[in-house]
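Q: I'd like to ask some things about the structure below.
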Amino acid sequence: MEQPRAKTGWTEVTEPGPGRPGFGASDRRPRAAALRLLSTMTQAEIKLCSLLLQEHFGEIVEKIGVHLIRTGSQPLRVIAHDTGTSLDQVKKALCVLIQHNLVIYQVHKRGVVEYEAQCSRVLRMLRYPRYIYTAKTLYSDTGELIVEELLLNGKMTMSAVVKKVADRLTETMEDGKTMDYAEVSNTFVRLADTHFVQRCPFVPATENSDPGPPPPAPTLVINEKDMYLVPKLSLIGKGKRRRSSDEDATGEPKAKRPKHTADNKEPIPDDGIYWQANLDRFHQHFRDQGIVSAVANRMDQTSSEIVRTMLRMSEITTPSNAPFTQPLSSNEIFRSLPVGYNISKQVLDQYLTLLADDPLEFVGKSGDSGGGMYVINLHKALGSLATATLESVVQERFGSRCARIFRLVLQKKHLEQKQVEDFAMIPAKEAKDMLYKMLSENFISLQEIPKTPDHAPSRTFYLYTVNILSAARMLLHRCYKSIANLIERRQFETKENKRLLEKSQRVEAIIASMQATGAEEAQLQEIEEMITAPERQQLETLKRNVNKLDASEIQVDETIFLLESYIESTMKRQ
């Protein structure tokens, strides 16, 4: 179960009283907590959350979600009062947000239920295409559709997911072929075994011995042992193709259906057992892929394959936020190497020694038993990847000379301006300009060390240094702004060409229906000519621009993921 995170909004510091529904005159909120919330949130994050909520769920849900992000936890009536939205609409919006794990609730001692937005969870919607593509890569089309359904619906029972996916796969197959429920069910079990999907918390069954009033909100629980336990279902059947709205699966018109069929539905075998996508497990996979790629670029393919094997062996046993993997012996690693990977035990030991001696310290030696015990230092690996990202940004933004100075300060920890000029072998005026440029952009920082208490400039050392954590946060904030701009640009491009897009969709629908009825080629050609040559060129330009913006979103999100992972790992170690 995903643990509740720290509040990611800010609380309006006001004096509660009779004018604020849901609070009494004695209910005071700590100002220090409100200020702490204010510091954890930026306008760029709020704007990005707003765009994502509006794009996925519409204006009302976006209004309620952003209000909770800005103000922190609030009860139902206060949300309705402050947003000027009806209680019914607020309830529906909160249902949607809770269903998708974007809002959590908490019952206070006075019996008031407060709702709190999860900003970090909202931002993960950026990564939905990447989650789905990863599932497709690992578990083919069936795994892709299972994860897609869970992300689209938030929470679903296994039986509902299996039936929906089987129907969707049957739609894409040739006539006469269908997808068996058992095949989809097997893929679902594999996803659960590797922790890519997990059970949702549920309301525990209680005996009706307590005649008292029900609690204001249910308490959800989950047993750690049961999180990935798949219920034993005997799902027998095959996927169905969609029929026209006037006919059912038997081909009979709706009017001829017996009315009592709706009352004879069989009970759902796994009723009450809901599943959701385990996003932390996907993030663990992304992190592992990044580490493997970094090792391949630094050393060779064999080294990366050894690291990949170590990560794969510990992917279930190591928590996603752990600084190290579980220790693995050389003998275990040798037995777990992919079949057909022809390297001897002696060569493997040489590679492991080489990896352990590497200055980056991705792999560390933790003991000598079993031919040598090795771990992967996940925190060090994330730090190296974040540092490489910062170096790359400095080089692209300021040029290779600035990148040389940045790497030099990074390596030497603290340097005076004269030392930078000498070590980097760059003229004093140019080095000074470059240092001040990076200082103004917060890529490097200046530390003052006074010789005397009066802080006189003539008796003070001024040392340049790189605070990787601070620089990573600054770059993360800029990434949020960049991706918000990309989404707004994509929406603008689509809105500007809305009429043309609708016309193109209508023409495609007409052609598809005519092809289904066996229309002649001349008739199809006539329909296609409804879109003129300039309009086709405009559509191609739009498609090319939108594809570029989509690709840019994915690339920026890769940087966001890397920086977020590093910052989270560093904060847990402090």
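The values are calculated or read from the model by the stated rules, or taken from the named source; none is laboratory data. Everything numeric here is computed off the predicted structure, so don't read it as measured data. Don't worry about glycine lacking a Cβ; one is built from the backbone with ideal geometry, like all the others, and counts go over all protein chains shown. Accessible surface is based on the protein model in full, side chains and every heavy atom, while ligands, DNA and RNA are left aside. Shrake-Rupley method; radii C 1.70, N 1.55, O 1.52, S 1.80 Å.
Q: When the Debye formula is applied to the Cα atoms of segment 37-92, each taken as the same point scatterer, what base-10 log of I(q)/I(0) results at q = 0.15, 0.16, 0.27 Å⁻¹?
A: Debye output, listed in q order: -0.42, -0.48, -1.10.
Q: Let me ask something else. Using alpha carbon coordinates only, what is the Rg to Rh ratio of segment 55-196, with Rh defined as the Kirkwood radius? Please report the intermediate quantities before stating the final value.
A: Working: Rg = 18.7 Å, Rh = 17.1 Å.
Answer for segment 55-196: 1.09.
Q: Here's another thing I want to ask about it. Considering only protein heavy atoms, what per residue accessible area in square angstrom results for the chain with a 1.4 angstrom probe?
A: Details: 32300 Å² over 574 residues.
Value returned for the chain: 56 Å² of accessible area per residue.
Q: Here is a follow-up. For a quick check of your reading of the filter: which GluC sites (Glu not before Pro) in segment 143-196 sit in a DSSP loop and have no more than 11 other Cβ atoms within 10 Å?
A: On the way: sites: Glu144, Glu148, Glu149, Glu171, Glu174, Glu183; in loops: Glu174.
Here the GluC sites (Glu not before Pro) that fit, given the DSSP loop and packing criteria, are Glu174.
Q: Still on this model: Considering only Cα-Cα distances, which of the following residue pairs are longer than 26 Å: Lys177/Lys548; Lys63/Lys495; Lys47/Lys91?
A: Numbers: Lys177/Lys548 37 Å; Lys63/Lys495 21 Å; Lys47/Lys91 23 Å.
In this structure, Lys177/Lys548 exceed 26 Å between Cα atoms.
Q: If you don't mind, there's one more thing I want to ask. What three numbers, in Å, describe the spread of the alpha carbons of segment 333-379 along their principal axes, ordered from the longest?
A: The Cα atoms of segment 333-379 stretch 31, 21, 16 Å along their principal axes.
Q: For a quick size check, give me the Cα extents of segment 415-489 along its three principal axes, largest first, whole Å.
A: 52, 32, 16
Q: Now a separate question. Along the positive direction of the dipole of segment 440-539 (beta-carbon charges: Lys, Arg +1; Asp, Glu -1; about the Cα centre), which of Leu501, Leu475, Leu446 reaches farthest?
A: Leu446
Q: Further question on the same structure: Which percent of Cα pairs goes in each bin when the distances of the chain are cut into 10 angstrom slices starting at zero?
A: Here the calculated profile for the chain is 3, 12, 19, 23, 21, 14, 6, 2, 1, 0.
Q: How much net charge surrounds Glu315 when only the other residues with a Cβ under 10 Å from the Cβ of Glu315 are counted, with Lys and Arg +1 and Asp and Glu -1?
A: Working: positive: Arg281, Arg312; negative: Asp288.
So the surrounding residues net to +1.
Q: Also: Which whole-number percent gives the relative contact order of the chain, counting Cα pairs below 8 Å spaced six or more residues apart?
A: Working: 674 pairs, mean separation 57.6, N = 574.
After rounding, I find 10 percent.
Q: With a sphere of radius 14 Å drawn around the Cβ of Thr325, what net charge do the other residues whose Cβ falls strictly inside it have (Lys, Arg +1; Asp, Glu -1)?
A: Values: positive: Arg287, Arg308, Arg312, Lys365, Lys380; negative: Asp288, Glu315, Glu332, Glu361.
Taking every Cβ under 14 Å from that of Thr325, the sum is +1.
Q: Separate question: In the chain, if the dipole is taken from +1 on Lys/Arg beta carbons and -1 on Asp/Glu beta carbons about the Cα centre, which of Gly72, Leu233, Gln537 is farthest to the positive end?
A: So the residue furthest toward the plus end is Gly72.
Q: If the cut-off is a Cα-Cα distance under 30 Å, which lysines reach Lys365, setting aside same-chain residues fewer than 8 apart in sequence?
A: Lys345, Lys380, Lys412, Lys413, Lys572
Q: Convex hull over the Cα atoms of segment 435-574, averaged projected area in nm²? Walk me through the intermediate numbers first.
A: On the way: hull surface 59.5 nm².
Mean projected area of the Cα convex hull: 14.9 nm².
Q: Which whole-number percent gives the relative contact order of segment 288-434, counting Cα pairs below 8 Å spaced six or more residues apart? Mind dumping the intermediate values first?
A: Numbers: 140 pairs, mean separation 25.4, N = 147.
Here the relative contact order equals 17 percent.
Q: Determine the dipole magnitude for the chain: charges of +1 sit on the beta-carbon of Lys and Arg, -1 on that of Asp and Glu, nothing else is charged, the reference point is the Cα centre, and the result goes in debye to the nearest 20. Let's see the in-between values first.
A: Details: 76 positive and 74 negative charges, 334 e Å.
It works out to roughly 1600 debye.
Q: Set the Förster radius R0 to 30 Å, insert the Cβ-Cβ distance between Lys240 and Ile510 as r into 1/(1 + (r/R0)^6), and round the FRET efficiency to 0.05. The partial results should precede the final answer.
A: Working: r = 26 Å, r/R0 = 0.88.
Approximately 0.70, to the nearest 0.05.
Q: Of all the C-alpha pairs in segment 383-451, what % are more than 15 Å from each other? Kindly include the intermediate steps, with their values, before the conclusion.
A: Details: 1183 of 2346 pairs.
Tail of P(r) above 15 Å: 50 percent of Cα pairs.
Q: Treating only the Cβ of Lys, Arg, Asp and Glu as charged (+1, +1, -1, -1), what charge dipole size does segment 122-173 show about its Cα centre? Round to the nearest 20 debye. The partial results should precede the final answer.
A: On the way: 8 positive and 6 negative charges, 55 e Å.
Taking the Cα centre of segment 122-173 as origin, the dipole is about 260 debye.
Q: Work from the charge dipole of segment 278-408 (Cβ charges, +1 for Lys and Arg, -1 for Asp and Glu, about the Cα centre) and give the residue of Met310, Gln346, Gln395 farthest towards its positive end.
A: Of the candidates, Gln395 comes out farthest on the positive side.
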